[in-house]
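See structure below.
The values are calculated or read from the model by the stated rules, or taken from the named source; none is laboratory data. Since we're looking at a predicted model, the values are computed, not measured. Ideal geometry is used to build each Cβ from the backbone, glycine not excepted, and the neighbour counts take in all protein chains shown.
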């Protein structure tokens, strides 16, 4: 049964026709000593295709099981391996809790990638031993299903750094492939993800 | 016909009731560039564009912009009347980059892409490539364009594939130094035209 108000269809065929906003929540994964958090198009209600032109991952209170480890991400471009070729750049700003002059913004070449298939570091050295230390931020992925263009991504996260710093990393890059990206995996460099959530949203364009 | 639940109007007169949550981001308009598109222009009150005091801020999501020629900036400019694009801006710009060959990486201020109370366009993406699989993606946000009290701040971040095969993460931030309401936003390439791509305008609810 359709619901029609003043000639406008509000709901029909099991779906709401009226606009409910342009940020659409797709999936939330919650870590609990998890080896990885992985979003695959078509699995477990995940949508990561041409339904939306832009996807946003929100990383919320990611707490590593092992202190001072990095959080990483990689992308699947066909097959089952997360090994898309990537080129990226990274810079960061940081400030030490002791305010001892450790405050700067710098290029961080160690997390740049040059046509690499390995994981992209999101933020490093997370946690200094306390239960309240974690990472939060966001990752934007543009047109993952395009078979014409490379796939750009932008990341910004802030973490409680193991050297007692607030550390914010800015990463921009692209998967240098024209195959569709249909999976995104988040993983620690070593050890598991102890706790935290990653939420996937799609951004409507019409 | 209205549907009212527990005293709350869910919808009436062909629209959702004001008490129904619809998310913080509302899609307003999408423009699509085709071959030889010189400009992409959003003007309040034209072609269903809303760009006034309806929302506290506006976000332009820009994806897979493919330029007609190599090596040009993508620019934005603003108008109070839809025809004169001569408003002074004070802004800063910086970018991080890394080449696919690892031959050059840096974080640097981009002199020449900032404005010092000049009426010039605002560059928002960097040295873009027109290789068939290259493109640029990002966003521009502008706050309270209809204010007649304050200058109009804008921030942008773009991730692009550079003309010599590099990843460029480009930031431009500043303000339009006028207390007159901004009604029009125009996107254009510094040289030649757009080849393809989309720009979507969203309103951000307060």
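Brief remarks follow.
- Residues (more than 14 Å from the chain's Cα centre (by Cα), closer than 20 Å to residue A:81 by Cα and buried (at least 24 other Cβ atoms within 10 Å of the Cβ)) located in the stretch A:144-174: A:150
- Test: residue in the stretch B:141-152 that is within 8 Å of another protein chain (Cβ to nearest Cβ) and under 14 Å from the mean Cα position of the chain (by Cα): no
- For residue A:52: the one exception among (1) under 20 Å from residue B:96 (Cβ atoms); (2) assigned to a loop (DSSP other than H, G, I, E, B): (1)
- Checked against (1) crowded, with 17+ Cβ neighbours inside 10 Å; (2) assigned to a loop (DSSP other than H, G, I, E, B), residue B:195 passes all but condition (2).
- Residue check for residue A:199: within 14 Å of chain B (Cβ to nearest Cβ) and over 20 Å from residue B:159 (Cβ atoms): yes
Matching residues to (1) closer than 29 Å to residue B:156 by Cβ; (2) assigned to a strand (DSSP E or B):
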position: A:118; (1), (2): no, no
position: A:139; (1), (2): yes, yes
position: A:158; (1), (2): yes, yes
position: A:163; (1), (2): no, no
position: A:195; (1), (2): no, yes
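Every residue, every condition in (1) facing chain B (nearest Cβ under 10 Å); (2) touching a residue at least 40 places away in the same chain (Cβ under 8 Å); (3) more than 17 Å from residue A:169 (Cα to Cα), yes or no:
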{"position": "A:69", "(1), (2), (3)": "no, yes, no"}
{"position": "A:75", "(1), (2), (3)": "no, yes, yes"}
{"position": "A:81", "(1), (2), (3)": "no, no, yes"}
{"position": "A:84", "(1), (2), (3)": "no, yes, yes"}
{"position": "A:90", "(1), (2), (3)": "yes, yes, no"}
{"position": "A:95", "(1), (2), (3)": "no, yes, no"}
{"position": "A:98", "(1), (2), (3)": "no, yes, yes"}
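- In the stretch A:123-173, the residues that are touching a helix residue (DSSP H, G or I) at 6+ places or on another chain (Cβ under 8 Å) and more than 13 Å from chain B (Cβ to nearest Cβ): A:124
- In this structure, residue B:168 does not qualify as touching a strand residue (DSSP E or B) at 6+ places or on another chain (Cβ under 7 Å), more than 14 Å from residue B:154 (Cα to Cα) and surrounded by fewer than 22 Cβ atoms within 10 Å (Cβ to Cβ).
- Any strands (runs of 3 or more DSSP E) falling wholly within the stretch B:92-140 and containing at least 2 residues that are buried (at least 24 other Cβ atoms within 10 Å of the Cβ) and either within 14 Å of another protein chain (Cβ to nearest Cβ) or modelled with pLDDT of 95 or more (or both): B:122-128
Every residue, every condition in (1) surrounded by 18 or more Cβ atoms within 10 Å (Cβ to Cβ); (2) closer than 19 Å to residue B:105 by Cα, yes or no:
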site: A:82; (1), (2): yes, no
site: A:88; (1), (2): yes, yes
site: A:97; (1), (2): no, no
site: A:102; (1), (2): no, no
site: A:108; (1), (2): yes, yes
site: A:111; (1), (2): yes, yes
site: A:115; (1), (2): no, yes
site: A:121; (1), (2): yes, yes
site: A:125; (1), (2): yes, no
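- Odd one out for residue A:147 among (1) touching a residue at least 60 places away in the same chain (Cβ under 8 Å); (2) closer than 23 Å to residue A:46 by Cα: (1)
- In the set (1) under 16 Å from the mean Cα position of the chain (by Cα); (2) under 20 Å from residue B:57 (Cβ atoms); (3) free of Cβ contacts under 8 Å to residues at least 40 places away in the same chain, the condition left unmet by residue B:184 is number (3).
- Within the stretch B:153-174, if we keep just the residues that are more than 17 Å from the chain's Cα centre (by Cα) and part of a strand (DSSP E or B), the residue that is farthest from residue B:53 (Cα to Cα) turns out to be B:166.
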